[in-house]
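Read through the structure below, which is laid out as structure tokens, and then see the notes.
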Amino acid sequence: MKRVLLITERFAPDLGGLATSATRLVTTLCQLDVEVDVVTWSRYLQPGEVLPPETRGAKYRVYRIGLYRYWDMTMPHTLNVLDWLHQTRGYDAVWGHYLFPCGFLSTWFAGLKKIPCTVSARGNDIDREMFPPGDFARLQWTLQQADVITSVSADMCRKIQLLSGRDDVLVLKNTVDTSIFCVEGFGEITREKLGIAPDEVVLGFCGELREKKGQQFLLSALTTVRRQRPACLLIIGEVRSSQDSVWQFYQTQEAENAERIIVTGHLSNSGLVAEYLRLCDVYLQPSLWEGMPNALLEAMACGCCCIASDAGGIPEVILHGENGFILPRSQLHRLGEAVLECLNMTAGERDAIVRGASDRIMNEYSIAHEQQRLQLLLNRLIPNSV
């Protein structure tokens, strides 16, 4: 059995798509008979503190390290921990889940130990490092030195090719557990329990709401729609604390509309997330930049009628007018109008969109597809790995 060390900035029960994808990848690797050790950081530990491993079955361990205030302290200490783990456990490969800091640390450590490494480009990690105050030299070095590079979309793949000169980038799509996220489902969450009136339109968003996810456009869309018909905004997740000023300004200026915003808070239960998604009449993903948002894929799997921006790999999954609708980022101020147009569709038109969305996920973004791509990656990274 092969053993892989995966380094990720976030891991369950942490919030966000990065934690979701890392946790799902580790689970799938275990299903492929690979033993995985996960190293991740926590702000809830003392700087440098290393917790005893959380054991998830015989193949899956999680080591959490306390963050120092700055990365120039956290990274060297993390390398010390990785060195200790490698001496104790011994790894056949290292995986950096996100380009910085995880990808850089993985590539450097693997080079020192002369073992293969792979790096995952996930979302806005390329953009963060390309432009100030990012470190372009470190970004290029990581992309050039890693043995195998994966990206979540063809769009990101093209960026990596341009930056690194490599033509061997593997697209490893985000996927959805379609046994949980599906059109049919029953649960205890109902519109009535949430205080949603029978005639109200439910606009949905899932994840941690913040600027890059188009927070301002979501709020403006709610205002626009409510001028013409009853509506509420269901945020399946929470609002990032750093966005409180935007949130409070909206509550002050649009008090009546703000009362029709429902925030569930963080939900660790995927089945519960799916229940909330199935309540949405229109799901909105007005992101300013993206890789391939997990939440959008889950909404499509649940049969939501989705309106999303053209950020990142979103146009690779949504075919405009067939399984959802694309609104260019330059036109996100028209999101409310787009919602109203969507609501004016006939029942037949809406049903076709919903079926197209769920079929798209089932046919191209299921766990079975991820297993196939992961096996291809393992064959490149660790020949004769199974």
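Are any of the residues in segment 155-162 within 18 Å of the chain's Cα centre (by Cα) and open to solvent by less than 20 Å² (accessible area, probe 1.4 Å)?
Among the residues of segment 155-162, at least one is within 18 Å of the chain's Cα centre (by Cα) and open to solvent by less than 20 Å² (accessible area, probe 1.4 Å), which makes the answer yes.
It is to be established whether one or more residues within segment 248-255 are touching a residue at least 24 places away in the same chain (Cβ under 8 Å) and under 16 Å from VAL202 (Cβ atoms).
No, segment 248-255 contains no residue that is touching a residue at least 24 places away in the same chain (Cβ under 8 Å) and under 16 Å from VAL202 (Cβ atoms).
Six or more apart or on different chains, Cβ atoms under 6 Å: show the pairs whose first residue is in segment 45-59 and free of Cβ contacts under 8 Å to residues at least 12 places away in the same chain and whose second is surrounded by 12 or more Cβ atoms within 10 Å (Cβ to Cβ) and not in a loop (DSSP other than H, G, I, E, B).
Close Cβ pairs satisfying both conditions: GLU54/VAL62; THR55/ARG61.
If you go through segment 297-307 one residue at a time, how many are open to solvent by 10 Å² or more (accessible area, probe 1.4 Å) and within 14 Å of the chain's Cα centre (by Cα)?
1
Filter segment 348-376 for residues that are modelled with pLDDT under 95, farther than 24 Å from ASP310 by Cβ and out of contact with any Leu (no Cβ under 9 Å at 6 or more places or on another chain); which is least open to solvent (accessible area, probe 1.4 Å)?
The selected residue is SER366.
Give the residue that is most open to solvent (accessible area, probe 1.4 Å), with candidates limited to residues of segment 278-296 that are of a type in the set (A, V, I, L, M) and more than 16 Å from the chain's Cα centre (by Cα).
The qualifying residue most open to solvent (accessible area, probe 1.4 Å) is LEU279.
With the requirement that a residue be farther than 14 Å from GLY204 by Cα and hydrophobic (A, V, I, L, M, F, W, C), what does segment 341-352 give you?
MET345, ALA347, ALA352, listed by residue number.
Being closer than 16 Å to PHE100 by Cα, polar (S, T, N, Q) and either open to solvent by 30 Å² or more (accessible area, probe 1.4 Å) or in contact (Cβ under 8 Å) with a residue 24 or more places away in the chain (or both) narrows it down to one of THR27, THR40, THR20, so name that one.
Criteria check complete, one pass: THR40.
Name the residues in segment 225-239 that are modelled with pLDDT of 95 or more and surrounded by fewer than 19 Cβ atoms within 10 Å (Cβ to Cβ), would you?
Within segment 225-239, ARG227, GLN228, ARG229, PRO230 qualify.
I'd like to verify a number: residues in segment 60-104 that are of a type in the set (Asp, Glu) and touching a residue at least 40 places away in the same chain (Cβ under 8 Å), how many?
1
Is there any pair linking a residue in segment 340-358 that is farther than 20 Å from LEU296 by Cβ to one that is open to solvent by 40 Å² or more (accessible area, probe 1.4 Å) and modelled with pLDDT of 95 or more, with Cβ under 7 Å and at least six apart or on different chains, and which?
Qualifying pairs under 7 Å: LEU340/GLN228.
If only one of SER179, SER151 is of a type in the set (S, T, N, Q), open to solvent by 70 Å² or more (accessible area, probe 1.4 Å) and closer than 30 Å to ARG355 by Cβ, which one is it?
Of SER179, SER151, the one residue that is of a type in the set (S, T, N, Q), open to solvent by 70 Å² or more (accessible area, probe 1.4 Å) and closer than 30 Å to ARG355 by Cβ is SER179.
Give me the strands (runs of 3 or more DSSP E) completely within segment 25-127, filtered to those with at least 2 residues that are closer than 27 Å to ASN294 by Cβ and small (Gly, Ala, Ser), ordered by residue number.
Ranges flagged: 93-97, 117-121.
Among the numbered conditions (1) at negative phi; (2) in contact with a Leu (Cβ under 7 Å, 6 or more places away or on another chain), tell me where GLY214 comes up short.
(1)
Just to be sure I understand, how many residues within segment 148-163 are assigned to a helix (DSSP H, G or I) and either of a type in the set (Val, Ile, Thr) or closer than 14 Å to THR118 by Cβ (or both)?
Summing the residues that are assigned to a helix (DSSP H, G or I) and either of a type in the set (Val, Ile, Thr) or closer than 14 Å to THR118 by Cβ (or both) in segment 148-163 gives 1.
Provide a single number: the residues in segment 70-80 that are more than 25 Å from the chain's Cα centre (by Cα) and either open to solvent by 70 Å² or more (accessible area, probe 1.4 Å) or within 21 Å of THR23 (Cα to Cα) (or both).
3
Let me confirm something: among ILE235, ILE180, which residue is of a type in the set (A, V, I, L, M), free of Cβ contacts under 8 Å to residues at least 40 places away in the same chain and closer than 28 Å to THR27 by Cα?
That would be ILE235, the only listed residue that is of a type in the set (A, V, I, L, M), free of Cβ contacts under 8 Å to residues at least 40 places away in the same chain and closer than 28 Å to THR27 by Cα.
The values are calculated or read from the model by the stated rules, or taken from the named source; none is laboratory data. Computed from a prediction, not measured in an experiment: that's the story for all the values here. In this analysis, Cβ positions are derived from the backbone assuming ideal geometry, glycine residues included, and neighbour counts consider all displayed protein chains. For accessibility, only protein heavy atoms count, side chains too; no ligands or nucleic acids. Shrake-Rupley method; radii C 1.70, N 1.55, O 1.52, S 1.80 Å.
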